[in-house]
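Working notes for the structure below.
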Amino acid sequence: MTELMQYLVLLLIGLVGAFFSGLLGIGGAIIHFPLLLYIPKWLGIGELTPSEVATISMFQVFFASLAGIWSFYKQGQQKQTLFHKKLIVVMGSTVLLGSFIGAWGSKFLSNQVIQLLYGILAIIALLMMLVPNRHPPKRAGEEVSFHSWLAGSVSFIVGVFSSIVGAGGSFILLPFMFSILKIPVRIAMISSLVIVLISSIGGVSGKLLVGHIPFWETCFTVLGSLLGAPLGTRISTMLHTKYLRMVFILFILIVVEQIWSRILGAFF
């Protein structure tokens with residue numbers, strides 16, 4: 001009975017996390033990591049280690065971003081034009097290499113180090129999201145340009161560290177695209193789904209090489225993701241970008257509080 005309850009909870013966690021994945025244009029690991037780490041333990045139906053959570057999250061990121069992309073393509077040509085091809089190629093190729101290296105190298109790190117890295121990445125994402133974007137919005141038909149070398153270098157580094165915690169890196173890359181590259185919010189969010197999918201390919205490959213994958217826990221979380229991501233992408237197109245940004249900041253703020261209270265609680 002406890003095992004059945006655990007799988008149902010994991011299914012629900014996958015659905016909720018993937019809903020916000022599609023809504024915000026992220027892989028969803030920043031949401032799934034704390035949910036998978038805390039909820040089963042709070043309900044008394046089992047406990048997953050940070051290493052197991054990172055593995056489940058990486059597989060979830062792959063399938064949630066894939067479902068989100070498919071949903072956008074089904075919504076027609078107007079939404080498809082928001083995929084910025086050059087941005088995807090530059091950041092996708094470098095984040096793929098970085099994510100493979102990070103996922104493979106995670107086997108050498110302890111659970112405490114993985115959790116600490118996640119907390120640091122969450123703080124960086126929050127700080128970047130709080131940087132105001134003073135550049136005027138792009139007009140219709142105006143080309144969206146960006147610094148390719150900067151984008152590629154940062155996405156490689158993000159790929160290495162984010163894949164260690166089972167993330168595609170979008171919760172860092174999105175603030176970076178908004179605040180530093182000055183990519184319009186809607187284009188950044190939709191393009192990031194493709195970048196995260198590419199990143200998760202490297203991450204999943206690295207995790208498969210490492211082994212020790214919690215099979216059924218991963219299956220139920222992924223199943224929930226496939227149900228939640230399309231719903232999130234559909235609602236995303238109905239909301240103003242200002243509110244999407246506010247929701248993203250709120251989620252990162254909650255995650256930072258939860259993860260650092262746990263980290264600091266181990267020392268005091």
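Using a 1.4 Å probe, how large is the accessible area of Ile124, given in Å² and rounded to the nearest 10?
About 70 Å², ignoring ligands and nucleic acids.
For the range 153-260, what are the per-bin percents of Cα-Cα distances with bins 10 Å wide, up to the bin holding the maximum?
12, 38, 39, 10, 0
Heavy-atom accessible area of Lys41 with all protein chains present, probe 1.4 Å, nearest 10 Å²?
Lys41 exposes around 100 Å² with every protein chain in place.
What are the ³J(HN,Hα) couplings of the range 105-111, residue after residue, when phi is run through the Karplus curve with 6.51, -1.76, 1.60 and θ = phi - 60°? Round to Hz, x for glycine and proline.
With coefficients 6.51, -1.76 and 1.60, one gets x, 5, 5, 8, 10, 7, 4 Hz.
For Phe33, Phe251, give the ranking by accessible area with the largest first, probe 1.4 Å.
Most to least solvent-accessible, the answer reads Phe251, Phe33.
Using a 1.4 angstrom probe with every protein chain in place, what is the largest-first accessible-area order of Thr221, Thr49?
Ranked list, largest accessible area first: Thr49, Thr221.
Taking 0.36 nm per residue of sequence separation and subtracting the Cα-Cα distance, how much length would be gained by fully extending the chain between Tyr243 and Trp216, in nm to one decimal?
Answer, rounded to one decimal: 6.1 nm.
The values are calculated or read from the model by the stated rules, or taken from the named source; none is laboratory data. Just so it is clear, the model here is predicted, and its values are computed rather than measured. Each accessible area value is taken on the protein alone, full model and side chains, heavy atoms only, with ligands, DNA and RNA left out. Shrake-Rupley method; radii C 1.70, N 1.55, O 1.52, S 1.80 Å.
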